[in-house]
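Peer 1: Sharing a structure with you now.
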């Protein structure tokens, strides 16, 4: 599904984020990665900061791809004023090799034409999320207050029952969040599917994930905060949307098949079968 990016600066407070989200729906250019570029400054080619950035990106890829139960890494390289902080979180159902490949794409993309050497940038791919910054706040936080990338599909549902669709999405996302924080605490990840009777939204798919270095309780707070803002951030009749942050990630999609691999961890049936 073609995605659009709902732009938000890298470190907005929630109130400011909500205000921006209401008006800042912009078409996404040519595909992955979907970036959010911060405004804390830039660095020069060949600088110490660039060297630290590259070394950190390589180290995060190696660590995340060698941790099959977590598929995650976070860390820092260098000292002030050239310190770089970073995080790589692969989707919880991908293979180690796919995680490595996504980390390789992040190494290639970070700091280049995507964000024109912005020091603070987030890169969203279908298989992973990468964040690099000269500021440690996003690693120190247990929520997405350090910044979010908001993506939305470019199409709307065909059903006239928008209210029913919104309830269905909310119910599925809430169930997926519960599974991630209660039944998969080692990885803090869950996938879901809702099967309904309305042909306009028969199959809805979902994903909830947190970086596994935060507690299940913090993960729940982060994801429930995103879910509580969902219909303020996105149109009520959009086919799919996602909020990607350094601490938690929530996604829903309408379609004929899932965007994740394997059977859904959560299955909600509303089709009478």
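The values are calculated or read from the model by the stated rules, or taken from the named source; none is laboratory data. As the structure is a computational prediction, the values presented were derived from the model and not from experiment. Heads up, the Cβs are rebuilt from the backbone with ideal geometry, glycines too, and the neighbour counts pull from every protein chain shown.
Matching residues to (1) outside the structural domain of residue 223 (by TED's automatic domain parsing); (2) surrounded by 24 or more Cβ atoms within 10 Å (Cβ to Cβ); (3) outside any helix (DSSP H, G or I):
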position	(1), (2), (3)
178	no, no, no
184	no, no, yes
190	no, yes, yes
195	no, no, yes
200	no, no, no
206	no, yes, yes
209	no, yes, yes
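Peer 1: For segment 182-197, name all the residues that are touching a strand residue (DSSP E or B) at 6+ places or on another chain (Cβ under 8 Å) and either over 16 Å from residue 90 (Cα atoms) or without any contact (Cβ under 8 Å) to a residue 24 or more places away in the chain (or both).
Peer 2: 183, 192, 193, 194, 195, 196, 197
Peer 1: Right, next: In a loop (DSSP other than H, G, I, E, B) and modelled with pLDDT of 95 or more: does that describe residue 263?
Peer 2: yes
Peer 1: Could you list all residues from segment 80-92 that are crowded, with 24+ Cβ neighbours inside 10 Å and part of a loop (DSSP other than H, G, I, E, B)?
Peer 2: 92
Peer 1: Right, next: Can you tell me how many residues within segment 93-129 are more than 27 Å from residue 48 (Cβ to Cβ) and part of a loop (DSSP other than H, G, I, E, B)?
Peer 2: Selection size over segment 93-129: 6.
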